[in-house]
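Working notes for the structure below.
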């Protein structure tokens, strides 16, 4: 049987040592962080739940139900990690910052990367066109 308490302890220790300002990922609030906290509690990893900067304040998973016309009824998990900002890219996508074929990480990533590449190519072509037209204007034709 594999002992999962050591990796959990080391990950929590890593977060405390690195002391990040921002914790980011894709669906970290509704899955990753809540799963890690629930699993650590199940494994009796006592110091795991202290992920924030404020000493002696435990990170706790709370369930919230939100309802809107745009998203419908949605159950979200809220996790307090005091002193750190959680930036969940899934929630950014759901709030209308893009229209994708699906809300998977692959769909979001491919749309973002393709947009960035096309923007770069357009800017590069614009620079080359501007510099070549500048050179053509300076070029003089020989007199006959």
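The values are calculated or read from the model by the stated rules, or taken from the named source; none is laboratory data. All values derive from a computational prediction rather than experimental measurement. All Cβ positions, glycine included, derive from the backbone under ideal geometry; neighbour counts span all protein chains shown.
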Q | Residues of segment 17-49 satisfying the condition of being within 21 Å of residue 89 (Cα to Cα), touching a helix residue (DSSP H, G or I) at 6+ places or on another chain (Cβ under 7 Å) and free of Cβ contacts under 8 Å to residues at least 60 places away in the same chain | A | 37
Q) Got a sec? Which of 36, 51 is surrounded by 10 or more Cβ atoms within 10 Å (Cβ to Cβ) and part of a loop (DSSP other than H, G, I, E, B)? A) 51
Q. If you check 6, 15, 45, which single one turns out to be surrounded by 14 or more Cβ atoms within 10 Å (Cβ to Cβ), out of contact with any strand residue (DSSP E or B) (no Cβ under 9 Å at 6 or more places or on another chain) and in the same structural domain as residue 64 (by TED's automatic domain parsing)?
A. 45
